[in-house]
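The values are calculated or read from the model by the stated rules, or taken from the named source; none is laboratory data. Just so it is clear, the structure is predicted and the values come from calculations on it, not from any experiment. Cβ: placed from backbone, ideal geometry, glycine included. Neighbour counts: every protein chain shown. Calculation scope for accessible area: heavy atoms of the full protein, side chains included, ligands and nucleic acids excluded. Shrake-Rupley method; radii C 1.70, N 1.55, O 1.52, S 1.80 Å.
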Amino acid sequence: MIPFSPPRIDQKIIDEVTDALRSGWITTGPKTKLFEKKITEYTGCKATLCTSSATAGLTMMLKWFDVGEGDEVILPAYTYCATANVIVHCGAKPVFVDVNRADFNISVESIKNALTSKTKVVIPVDLAGFPCDYNEINNLVRHKDIIKLFSPDNERQEKLGRVIVLSDGAHSIGAEYFGKKTGSLTDTSVFSFHAVKNLTTSEGGAIALNLPEPFNNSDIYKYLNIMSLHGQTKDAFTKTQSGKWKYDVIEAGFKANMTDIMAAMGLVELERYNEDMLARRKFIFDRYSEAFENMSWAELPLYESEQKVSSFHVYLLRIRDITEEQRDMIIERIFDKGVSVNVHYQPVPMLTFYSEKGYNAEDYPVAYDSYKREITLPVYYDLTDEQIDIVINSVKVSVKEVTGK
Ligand SMILES: *Cc1c(COP(=O)(O)O)cnc(C)c1O
């Protein structure tokens, strides 16, 4: 069986993790701090806080902006449930909008139509690693009519004076937009280093801070760092130093820190990310696209354009003119041939918790149409050239078996 997305675990990773274990310091410490510095350098953002997950990072940013009851947060219907769940955790209302047909990303026109005086945040998701239309989104939240609509309820919201753009970059570390990397494109971006993501620390994530003047991103970093550790003014590492045992708690914080064991993996992964990981992923994407481009049934994903380069996270193939049932049958046939595939994603409004709240997939016709025809093909570092051919062949044969095309 060809697996869907195993992590790349080689001797280098094992050596670096072993080094963390042998160092005697296994929770947040020097490796995490170094990893943060490297992410800041790599993405071009202003400061980075590593976290235990992207979900924790998104939650902390929503809390930092004091998003809560009565507030609305705009997000795409086509995403992983975590993007929506964090909004619910804060007591705010998720406002789903539809996506673009071409690239699965949030439609700027739909954001415009959904903005109200209650909107505090927009969460664009760089789906599959392809950056959203950030010039348009950034201009929209800065438009004078949209600024007029904004009604701040606290000091931070007043200081920003507009809706904040909080990117869910769970898929997109390393992706580029007009030559700039994700992390440096919006007010804040959050990356995921979960086991199935491009760059993994097993679990883990990072908040890339990039807020405009008059915000001081290193002050926000210091504050969030404290908030990621119970709101305690000194971390466990600092407290080990002589005379430094006493601490205070400034707020009821979270427990959302990254450990040095996780950071050890991340340091190795980031070091070889562009040359090794992204290059291999692009190679696999190109092979799939070459293999399917002449098939009349294939709708290929967009992953490179004049302005944008993907991080090649997941290859989202759509089959033209099929029903959801046919798509499910094709997936079954592909599995029967020894290849694991997946679907990214079921639009969040159709999942039980959200549909019971009254959300309805029919309100997001493009998202639903993409979902029902979508099959995600395996892409990962260790996928061999032979396995790529097996995947391609299994897809072609299975589509033919089910649709006759
Ligand atoms: C994986 C994922 C998340 C959550 O990441 P965690 O690190 O597991 O919390 C959020 N958004 C999207 C789009 C994801 O794919």
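So here's what we get for this one:
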| read-out | value |
| --- | --- |
| Listed residue (Asn135, Asn85, Leu270) projecting farthest to the positive dipole end of segment 11-271, Cβ model | Leu270 |
| Kirkwood-type radius of the chain, with distances r between different C-alpha atoms, in Å | 22.0 Å |
| Sequence of His89, His344, His230 from largest to smallest accessible area, 1.4 Å probe | His89, His230, His344 |
| Computed helical MRE - 222 nm, the chain, DSSP H runs ≥ 4 contributing -39500 (n - 2.57), nearest 500 | -11500 deg cm²/dmol |
| Segment 11-271 - share of DSSP beta bridges that are antiparallel (%, nearest 5) | 50 percent |
| For the chain, with +1 on Lys and Arg beta carbons and -1 on Asp and Glu, the positive-most of Val99, Thr51, Leu377 along the dipole | Thr51 |
| Under 18 Å from the Cα of Lys234 - lysines, other chains or at least 8 residues apart | Lys31, Lys33, Lys222, Lys244, Lys246, Lys255 |
| Coil-residue trypsin sites (Lys or Arg not before Pro) of segment 235-264, DSSP, other Cβ within 10 Å capped at 15 | Lys244, Lys246 |
| Sparse-neighbour loop sites [GluC sites (Glu not before Pro); segment 235-316; at most 12 other C-beta within 10 Å; DSSP] | Glu251, Glu293, Glu306 |
| Total charge dipole magnitude, the chain, about the Cα centre, Cβ charges on Lys, Arg, Asp, Glu only, Debye to nearest 20 | 940 debye |
| Given charges at beta-carbon only (K, R positive; D, E negative), |dipole| of segment 52-210 in Debye | 200 debye |
| Accessible-area composition of the chain, carbon plus sulfur, in percent [1.4 Å probe] | 50 percent |
| Loop sites in segment 1-96: GluC sites (Glu not before Pro), DSSP, at most 10 other Cβ within 10 Å | Glu69 |
| Average accessible area per residue (Å²) across segment 11-271 - probe 1.4 Å, nucleic acids and ligands excluded | 40 Å² |
| For Ser189, net neighbour charge (Lys/Arg +1, Asp/Glu -1) across residues whose Cβ lies under 9 Å away | -3 |
| For Arg327, net neighbour charge (Lys/Arg +1, Asp/Glu -1) across residues whose Cβ lies under 14 Å away | -3 |
| Environment charge at Ser394 (Cβ cut-off 9 Å; Lys +1, Arg +1, Asp -1, Glu -1) | +2 |
| Net charge dipole size for segment 318-399 [Lys, Arg +1 and Asp, Glu -1 on Cβ; Debye, nearest 20] | 120 debye |
| Furthest towards positive pole of dipole, Ile146, Ala114, Pro214, structure part the chain, Cβ charges | Pro214 |
| Helix runs (DSSP H) in the chain reaching 24 Å along axis by Cα, Kyte-Doolittle at least 0.0 | 385-403 |
| Straight-distance crosslink candidates among lysines, where the alpha carbon sits under 18 Å from Lys93 and sequence neighbours closer than 8 are dropped | Lys63, Lys112, Lys118, Lys120, Lys357 |
